[in-house]
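Chemist: Please find one structure pasted underneath; my questions will follow.
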Amino acid sequence: MEEKSFFVHASSVVDAGAQIGTGTKIWHFCHLMPSCKIGRNCNIGQNVFIDNNTIIGNGVKIQNNVSVYNGVVIEDGAFLGPSMVFTNVINPRSFIERKAEFKKTLIGKGATIGANATIICGVEIGAYSLIGAGAVVTKNVPSYALMMGNPARQKGWVSEAGLNLKFDSKGMAACPETGKVYKLENETVRAIS
């Protein structure tokens with residue numbers, strides 16, 4: 001018998017057809033639907049549901065009690081905090097089937113979503129952005145943005161290491177931890193070194 005290149009706890013259910021990358025760990029009481037795709041070296045915490053038609057990149061960490069619904073795409077290196085919430089329909093009703101109205105939600109490379117945050121469907125969360133705990137995201141988030149509150153509002157910019165960036169009069173900032181340099185221009189941040 002061929003040895004699996006990933007780990008699935010005995011209490012979890014992985015439906016036939018689910019794709020799981022090498023080195024990924026799936027912990028207690030998870031359920032993976034048949035057409036989900038999970039990349040390499042991911043860590044899927046306890047009590048996580050991953051729906052059909054979801055794509056999870058490499059090195060993603062999903063903490064306990066998260067449901068990744070149909071239409072969610074999570075890029076490499078993203079972090080989903082405990083009990084954060086995705087939606088997939090704008091106006092759900094139990095007595096009206098709206099599966100044809102599911103909206104795509106994109107979580108960019110290296111983005112962090114804090115514990116108990118809610119992401120309304122159809123938005124794009126930019127690369128390396130940081131969504132604070134309990135925030136409710138109702139619109140697109142720029143890359144490197146720091147978002148907090150309900151509804152979430154931008155409170156600043158963060159580096160790829162997740163630390164506040166303080167831009168000078170020329171729109172330049174360095175990460176206090178890594179020294180990596182960033183440029184702010186036209187309300188857009190980009191790494192330049």
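Chemist: Determine the relative contact order of the chain: mean sequence separation of Cα pairs under 8 Å and six or more apart, normalised by residue count, in whole percent.
Modeler: Details: 573 pairs, mean separation 19.0, N = 193.
10 percent.
Chemist: Take peptides 61-68, 115-122 and line them up by average Cβ neighbours within 10 Å, highest first, as a rough protection proxy. Mind showing how you got there, number by number?
Modeler: On the way: 61-68: 20.6, 115-122: 19.0.
By packing density, highest mean first, the sequence is 61-68, 115-122.
Chemist: Taking θ as phi - 60°, what are the ³J(HN,Hα) couplings along region 160-167 by the Karplus curve (6.51, -1.76, 1.60), each to the nearest whole Hz, with x for Gly and Pro?
Modeler: Working through the residues one at a time gives 4, 7, x, 9, 4, 9, 10, 7 Hz.
Chemist: Please list 3J(HN,Hα) in residue order for region 122-135, calculated via the Karplus relation 6.51 cos²θ - 1.76 cosθ + 1.60 where θ = phi - 60°; whole Hz, with x for glycine and proline.
Modeler: x, 9, 10, 9, x, 4, 6, 6, 10, 9, x, 4, x, 5
Chemist: Summing Lys, Arg as +1 and Asp, Glu as -1, what charge do residues with Cβ under 15 Å from the Cβ of Ile192 carry, Ile192 excluded? Let's see the in-between values first.
Modeler: Working: positive: Lys170, Lys180, Lys183, Arg190; negative: Glu160, Asp168, Glu185.
Value of the local net charge: +1.
Chemist: What pairs in Lys25/Lys155; Lys109/Lys166; Lys37/Lys99; Lys104/Lys180 have C-alpha atoms more than 27 Å from each other?
Modeler: Numbers: Lys25/Lys155 34 Å; Lys109/Lys166 22 Å; Lys37/Lys99 20 Å; Lys104/Lys180 32 Å.
Beyond 27 Å: Lys25/Lys155; Lys104/Lys180.
Chemist: Of all DSSP beta bridges in region 1-151, what percent run antiparallel (nearest 5)? Please report the intermediate quantities before stating the final value.
Modeler: On the way: 1 of 37 bridges.
Once the DSSP bridges in region 1-151 are tallied, antiparallel ones form about 5 percent.
Chemist: Ok, one more. Filter the trypsin sites (Lys or Arg not before Pro) in region 85-193 to those in DSSP coil with at most 13 other Cβ atoms within 10 Å of their Cβ, and list the result.
Modeler: On the way: sites: Arg93, Arg98, Lys99, Lys103, Lys104, Lys109, Lys139, Arg153, Lys155, Lys166, Lys170, Lys180, Lys183, Arg190; in loops: Arg98, Lys103, Lys104, Lys109, Lys139, Lys166, Lys170, Lys180.
Of the trypsin sites (Lys or Arg not before Pro), the ones in loops of region 85-193 whose Cβ has at most 13 other Cβ atoms within 10 Å are Arg98, Lys139, Lys166, Lys170.
Chemist: Quick one: which residues, 5 or more positions from Tyr128 or on another chain, have an amide H under 5 Å from its amide H? H modelled 1.01 Å from N in the peptide plane, none for Pro or chain starts.
Modeler: Lys109, Gly110, Ala111, Tyr144
Chemist: Hey, another quick one. With a cut-off of at most 10 other beta carbons within 10 Å, and DSSP calling the residue loop, which GluC sites (Glu not before Pro) in region 160-193 qualify? Please list them. Provide the component values of the computation, followed by the final result.
Modeler: Details: sites: Glu160, Glu177, Glu185, Glu187; in loops: Glu160, Glu177, Glu187.
Sparse-neighbourhood loop GluC sites (Glu not before Pro): Glu187.
Chemist: A further question on this structure: Show me, for region 8-18, the HN-Hα J-couplings you get by feeding each phi into the Karplus relation (A = 6.51, B = -1.76, C = 1.60, θ = phi - 60°), rounded to Hz, glycine and proline as x.
Modeler: Karplus-based 3J(HN,Hα) across region 8-18 equals 10, 5, 4, 7, 8, 10, 10, 5, 4, x, 4 Hz.
Chemist: Tell me which residues come under 5 Å, amide H to amide H, from Lys155 once H is placed; ignore anything under 5 positions away on its chain.
Modeler: For Lys155, whose amide H was placed from the backbone, the distant partners under 5 Å are Leu146, Met147, Met148.
Chemist: Could I ask something else about it? Enumerate the amide H contacts of Lys180 below 5 Å, restricted to partners 5 or more residues apart or on another chain; note that Pro and chain-start residues carry no placed amide H.
Modeler: Those lying under 5 Å, H to H, from Lys180 are Cys175.
Chemist: For Rg and Dmax of the Cα atoms in Å, one of (1) 17.7, 63; (2) 16.2, 48; (3) 15.4, 47 was computed from the structure I shared and the rest are decoys. Which label?
Modeler: Of the listed options (1) 17.7, 63; (2) 16.2, 48; (3) 15.4, 47, (1) comes from this structure.
Here, each number is a calculation from the coordinates, and none is a lab measurement. Note that the structure is a prediction, hence the values are computed from the model and not measured. We place every Cβ from the backbone using ideal geometry, glycine too, and count neighbours over all the protein chains shown.
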